[in-house]
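For reference, the structure is listed below as structure tokens.
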Amino acid sequence: MRIIIFFLFILQILVGGAAQAKDDFLEVIVADPFLNMRTGPGSNYPIFHIVERGEKIKVLKRKTDWFKIRNRKGKEGWTHRNELSQTLTLDGKRTTFKDITIEDFKKRNWELGLLSGDFEGAASITLYGSHYFTQTLSTEISATHAIGNFSSSVLANIKLAAHPFPEWRVSPFFALGIGIIQTTPNATLVKAVDRTDPMANVTIGANIYLKKKYMLRLEYNNYKVFTSRNNNEEIGEWKAGFAAFF
């Protein structure tokens, strides 16, 4: 659990840093007689405030076709794309919003995903985050928890991945990684000792663009565990899941 918490903390720093680095929010002017602000991103949320014509607002973030906005008094709420498209930019032009397409998938900078699979017969779940230096090169950190009939394992891993065909909708990748694995035997009759060992792994997989900012990820990992005993261990893992990119 300490390993997982540590990697979640690192992911939060990375994602939070990326978000804070881009705080120059779009500012627009309401051109219609009024603009509705709702308490949440949906028509089922109540309208709690009206922004009047000529007032400036800032666009904070987007969730599908709903946008979180802030008025000059600091009040924040949600409005639909149809209403926001009637606003004007500061230079008097009609506001337009770019849809997320496969082109954004090709040029993504970050990924955050959740995978599940089979870790040598044990059920596994993985949380990972990736940062792209270029379209063809990325680094990744991940935390995995695998639970089997005879033992459970926690893995922490860092990888360097190559993406030879980033322009493909089904984009293959190859990665090399290092990390640690902690194994806890499920022993009841004999007192067993937990083991923590270094490891290395080779990964082959594919990222498949679905729609908007979502993708499907498939991968196979081959782990080499360097134990303190006479022989090392080799473990195979298949897994799949979904991720969001930005």
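Taking the conditions (1) without any contact (Cβ under 8 Å) to a residue 60 or more places away in the chain; (2) surrounded by 19 or more Cβ atoms within 10 Å (Cβ to Cβ); (3) of a type outside the set (D, E, K, R) in turn, residue 141 satisfies each one other than (1). Of all the criteria given as (1) touching a strand residue (DSSP E or B) at 6+ places or on another chain (Cβ under 8 Å); (2) part of a loop (DSSP other than H, G, I, E, B), the one not satisfied by residue 73 is (1).
Taking each residue of region 104-125 that is more than 16 Å from residue 221 (Cβ to Cβ) and looking for partners that are acidic (Asp, Glu) and loosely packed, with under 15 Cβ neighbours inside 10 Å with beta-carbon atoms closer than 7 Å, six or more apart or interchain, yields 106/167. Against the conditions (1) within 23 Å of the chain's Cα centre (by Cα); (2) under 30 Å from residue 221 (Cα atoms); (3) open to solvent by less than 50 Å² (accessible area, probe 1.4 Å), residue 151 satisfies every one except (1).
Annotation: of all residues in region 24-39 being in a loop (DSSP other than H, G, I, E, B) and not aromatic (Phe, Trp, Tyr), the one that is least open to solvent (accessible area, probe 1.4 Å) is 30.
Would you confirm whether any residue within region 174-188 is modelled with pLDDT under 95 and closer than 30 Å to residue 101 by Cβ? Looking for residues that are modelled with pLDDT under 95 and closer than 30 Å to residue 101 by Cβ, one finds none in region 174-188, hence no.
Every residue in region 82-100 that is within 30 Å of residue 170 (Cβ to Cβ) and surrounded by 12 or more Cβ atoms within 10 Å (Cβ to Cβ), please. Reasoning before the result, please.
Filtering region 82-100 down to residues within 30 Å of residue 170 (Cβ to Cβ) leaves 97-100.
Matches in region 82-100: 97, 100.
Which residues, counting only those in region 222-231, are closer than 21 Å to residue 116 by Cα and free of Cβ contacts under 8 Å to residues at least 24 places away in the same chain?
The initial filter retains those residues of region 222-231 that are closer than 21 Å to residue 116 by Cα, namely 222-225.
Selection gives 222 alone.
Looking only at residues that are aliphatic (A, V, I, L, M) and more than 16 Å from the chain's Cα centre (by Cα) in region 101-130, which one is most open to solvent (accessible area, probe 1.4 Å)?
The first filter runs over region 101-130 and keeps only residues aliphatic (A, V, I, L, M), leaving 102, 112, 114-115, 122-123, 125, 127.
Those still in the list that are more than 16 Å from the chain's Cα centre (by Cα) too: 102, 122-123.
Values: 102: 43, 122: 11, 123: 65 Å².
Residue satisfying both the conditions and the ranking: 123.
Among the numbered conditions (1) more than 24 Å from residue 229 (Cα to Cα); (2) open to solvent by 70 Å² or more (accessible area, probe 1.4 Å); (3) touching a residue at least 24 places away in the same chain (Cβ under 8 Å), the only one that residue 133 does not meet is (3). Can you say whether residue 66 is of a type in the set (A, V, I, L, M, F, W, C) and over 22 Å from the mean Cα position of the chain (by Cα), as far as the supplied structure shows? Against the criterion (of a type in the set (A, V, I, L, M, F, W, C) and over 22 Å from the mean Cα position of the chain (by Cα)), residue 66 does not qualify.
Take the residues of region 40-81 that are under 22 Å from residue 214 (Cβ atoms) and of a type in the set (Lys, Arg): which is surrounded by the most Cβ atoms within 10 Å (Cβ to Cβ)?
Here the answer is 68.
Here residue 100 meets each of (1) farther than 30 Å from residue 31 by Cβ; (2) among the aliphatic types (A, V, I, L, M); (3) in a loop (DSSP other than H, G, I, E, B) with one exception, condition (1).
Only one entry in 234, 167 is modelled with pLDDT under 95, more than 18 Å from the chain's Cα centre (by Cα) and under 14 Å from residue 119 (Cβ atoms), namely 234.
The values are calculated or read from the model by the stated rules, or taken from the named source; none is laboratory data. Because the structure is predicted, anything quoted here is derived from the model rather than measured. Counting neighbours? That spans all protein chains shown, and the Cβs are built from the backbone with ideal geometry, glycine included. These accessible areas exclude ligands, DNA and RNA; they are computed on the full protein's heavy atoms, side chains included. Shrake-Rupley method; radii C 1.70, N 1.55, O 1.52, S 1.80 Å.
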